[in-house]
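Asker: Sharing a structure below in structure tokens format, with a few things to ask.
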Amino acid sequence: MGDQLDISLCLITKNEEDVLADCLQSVESIVREIIIVDTGSTDATISIGEKFNSTILHFPWNENFSDARNKGLQKASCEWILVLDADERLVIPEGMDIQKLLYDKRMYGYYVNLYNYITLVPVEEYVVDSACRLFRNHPKIRFQGSIHEEVSRCIKENFSEEAIQFTNIRINHLGYTSKKISQKEKGKRNKRIILKGLAMDPADTYLQYSLATEYFQERKFYLAERLYLPLLYNKKTEGYHSDIVYKCANCMKELGRIEKALHMVTLGVKEYPQFTDLAEFHAVLLYELDEYEQAIEVLQNIGRDEVHSFYYSTSSGSGTYKTNYLLGINLQRLCKWQEALSYFEKALTQNPNYIPAIVRWSQLSLSIVKDQDEWFRRYYSLFKHVNIKVVETVLLQIVNERKPELGFRVIRENLSKRKLAGYKYLFRAQKKKFNINFHLLLDGGNETTETLLLFQCIISKRMKENPNGFISSLVKHDKVYIHLKRFTSNNVPLRLPEIVYKRLVRSSILLREWEFLEQLYGMNIKKYIPYDLFPSFQSCPKEVRDMMFPKFSKEMDEKLPYIHTIFSSWAAVKDGDFGSFRELLSSALNSYPNRKEAKILLENKSSSNLKKNFFDIGCRILP
């Protein structure tokens, strides 16, 4: 306690009993005073604060964060003030001497790195911003703004631009994980405060930007873009203009205006050459337009400049593992397999839990690394110490590539082999060891993954031996149906591997097992509708059909010819017969001339692009 500095911690709270203690523990050895401004807690927040000898101030919430913050500043008695939220944790870099910062008489404030976590598992995803959270206790330094309040503008206006400096102090903010946002309904609260502020001052550019960002986070891209566009040319947006460029271009991409987004980003990277997120997005847009070599050139010029990165909102992995991942997928498109694999491995060396890179690395390495010992050496060097989700991701790719021996070896070498036991059933099935699986199930297997994976194995065998009625005979006496029914009645979300679930659905449709299909679709899993089996639904009971196709089940009979034509054209694309594809699609358009996506495909003159676009659009051209 003797190392405490002349710092007052100020924070505002409301029902923060789950997070407050961790926040205060992160600073109690550093700060001399803790001041909590409570805005109406009804839980144990106040009693937790009192355990840390905090001064508790009660302040009626008036939907203005600055008012609540400034109430705490007025009570602070130390020379310096540190501001945190209850869901934040202070992290001081090893070897850093904060005392030197406090002794510098030229300084009135310091920016810290604010790590806003979006997800924590299976991989940490965050966005890093800079915020002035450590500043002198001075009557001229007060928070401004009803929301996203800050003091940096106040310091610059009353002292100088040089009175604030950047530091490596870190604050971890957990309040933007999806769970926390839903618990506190932050979006609704934020929009209410912003709209109230705009009603008082419609010309406030920062509030306009804040509202646009709320719409952006809600994926209401049209509304967000309408607000961002005027701000692009407003000189008052200095300090967050780069973020406006980035988010506005993202809106354009999501709305399908790729070329306009590319034009905006091309200008943006010239103005903000050290903004790594914007440069990566530049490469993403080039990738969307099949300009892979240009995308690679952009990505190879990205450098991680720690000095300049303070000035921009930066997402986790930007300039490091995400850049390498993007290089890998562009090189894949150019069929440069070894180079692509090396970049995926670089990405995984920097972050072994990055799922997109794991999937790409697994698919590519299983295809081009023929020697199993060499493949396993690479695997082990990348994933020696990883969570179970990573191993499961690799195993699913091994299943898809049908390499059971390699799968067994991965399971044997993993410390969590009991949790991975279900995958053994799939690998045994691929080696046609169905009897072993069946007897293991009868002896009592895991009630979820193992049982359902076994069902896939039995299907693989029975479909060849007796394709008629095997599901019926199976579900009458087997554990599988009992477990499925129990999951459904208890409304338990089912973690079912996609390949197993799709096979179950397709088999049930082909064999007209409608009761079993209804059981599958009644679970909390995303519905898979195999449109190529659409004609088989003619004999499906109306209640099941209505559940599967609520929007157009009544019109199914009249649309069957169209479905047949579409999938005949799809087959023509697979076979490379693009002449037949255009004829078949023209026939479909005679019945449904308003199919915009189909018209686009028909007008496309490049066979390679035609094939790519067709599969990108996929089933969206279906009713």
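The values are calculated or read from the model by the stated rules, or taken from the named source; none is laboratory data. As the structure is a prediction and not an experimental result, all values here were calculated from the model. Positions of Cβ are backbone-derived with ideal geometry, glycine not excepted, and every protein chain shown enters the neighbour counts. Ligands, DNA and RNA are excluded from the accessible area calculation, which covers all protein heavy atoms including side chains. Shrake-Rupley method; radii C 1.70, N 1.55, O 1.52, S 1.80 Å.
Asker: Taking amide H positions as placed 1.01 Å from N in the peptide plane, with prolines and chain starts having none, which residues 5 or more places from I169, or on another chain, fall under 5 Å of its amide H?
Answerer: Long-range HN contacts for I169: N113.
Asker: Continuing with the same structure: To the nearest 10 square angstrom, how much accessible area does E157 have with a 1.4 angstrom probe?
Answerer: Taking all protein chains as shown, E157 has close to 130 Å².
Asker: Explain nothing, just compute: Karplus ³J(HN,Hα) = 6.51 cos²θ - 1.76 cosθ + 1.60, θ = phi - 60°, for every residue of the stretch 133-149 in order, whole Hz, x for Gly and Pro.
Answerer: The phi angles translate into 10, 10, 8, 5, 7, 9, x, 8, 9, 9, 6, 10, x, 6, 9, 6, 5 Hz.
Asker: Ignoring ligands and nucleic acids, what accessible area does E185 show with a 1.4 Å probe (Å², nearest 10)?
Answerer: So the heavy atoms of E185 present about 100 Å² to solvent.
Asker: In what order, largest first, do E401, E149 sit by accessible area if the probe radius is 1.4 Å?
Answerer: On the way: E401 70, E149 35 Å².
Accessible-area ranking of E401, E149, largest first: E401, E149.
Asker: For the ranges 86-96, 8-18, what's the packing order if you count other beta-carbon atoms within 10 Å of each residue, average per peptide, and put the highest first? Present the calculation step by step, with values, prior to reporting the outcome.
Answerer: Values: 86-96: 15.5, 8-18: 22.0.
Highest mean packing first, the order is 8-18, 86-96.
Asker: Take R170, project a point 7 Å from its Cα along the Cβ direction, then tell me which residues of the stretch 99-115 have their backbone nitrogen under 14 Å from it.
Answerer: Within reach of a label on R170, which here means backbone N under 14 Å from a point 7 Å along Cα→Cβ, the stretch 99-115 contributes 112-115.
Asker: Please calculate the 1.4 Å probe accessible area of R142, with all protein chains present, and give it to the nearest 10 Å².
Answerer: 60
Asker: Each residue of the stretch 323-334 in turn: what ³J(HN,Hα) in whole Hz from Karplus with 6.51, -1.76, 1.60 and θ = phi - 60°, glycine and Pro shown as x?
Answerer: My calculation for the stretch 323-334 gives 4, 5, 4, 5, 4, x, 6, 6, 5, 4, 4, 8 Hz in order.
Asker: Of K346, K419, which has the most accessible area with a 1.4 Å probe, and how do the rest follow in descending order?
Answerer: Result, largest first: K419, K346.
Asker: Suppose accessible area is computed on protein heavy atoms with a 1.4 Å probe; arrange S130, S66, S77 from highest to lowest. Don't jump to the answer; show the numbers that get you there.
Answerer: Values: S130 40, S66 5, S77 90 Å².
Descending order: S77, S130, S66.
Asker: Dipole magnitude of the stretch 100-253 about its Cα centre, charges +1 at Lys/Arg Cβ and -1 at Asp/Glu Cβ only, in debye to the nearest 20?
Answerer: Values: 26 positive and 17 negative charges, 85 e Å.
In debye, rounded to 20, the stretch 100-253 gives about 400.
Asker: What do you get when you divide the Cα radius of gyration of the stretch 321-381 by 2.2 N^0.38 Å, with N the number of residues?
Answerer: Here the Cα radius of gyration is 1.01 times the empirical estimate.
Asker: Follow-up question, since we're still on this one. Which whole-Hz couplings ³J(HN,Hα) result when phi for each residue of the stretch 219-230 is put into the Karplus expression 6.51 cos²θ - 1.76 cosθ + 1.60, θ = phi - 60°, listed in order with x for Gly and Pro?
Answerer: Here the 3J(HN,Hα) series is 6, 9, 5, 5, 5, 5, 4, 4, 7, 5, 4, x Hz.
Asker: For R133, what residues show an amide H to amide H distance below 5 Å, using hydrogens built from the backbone and excluding near sequence neighbours?
Answerer: Here the answer is Y110, V112, since their amide H atoms fall under 5 Å of that of R133.
Asker: Now for a separate question. Considering only C-alpha atoms, what is the centroid distance from the stretch 312-340 to the stretch 98-113, in Å?
Answerer: Each part's Cα centre sits 37 Å from the other's.
Asker: Moving on. Evaluate the charge dipole of the stretch 187-305 about its Cα centre and quote only its size in Debye, nearest 20, assuming +1 on the Cβ of each Lys and Arg and -1 on the Cβ of each Asp and Glu. Spell out each step's value before the answer.
Answerer: Working: 16 positive and 18 negative charges, 181 e Å.
Once rounded to the nearest 20, the dipole reads 860 debye.
Asker: Using +1 at the Cβ of each Lys and Arg and -1 at the Cβ of each Asp and Glu in the stretch 42-107, identify which of I48, G72, P93 lies farthest towards the dipole's positive end.
Answerer: G72
Asker: Go through K14/K196; K220/K336; K14/K322; K71/K156 and tell me which ones have a Cα-Cα distance over 27 Å in this structure. Kindly include the intermediate steps, with their values, before the conclusion.
Answerer: Working: K14/K196 21 Å; K220/K336 38 Å; K14/K322 37 Å; K71/K156 22 Å.
Listed pairs above 27 Å: K220/K336; K14/K322.
Asker: Out of the DSSP beta bridges found with both residues in the stretch 79-182, what percent are antiparallel (nearest 5)?
Answerer: Numbers: 18 of 25 bridges.
Around 70 percent of the beta bridges assigned by DSSP in the stretch 79-182 are antiparallel ones.
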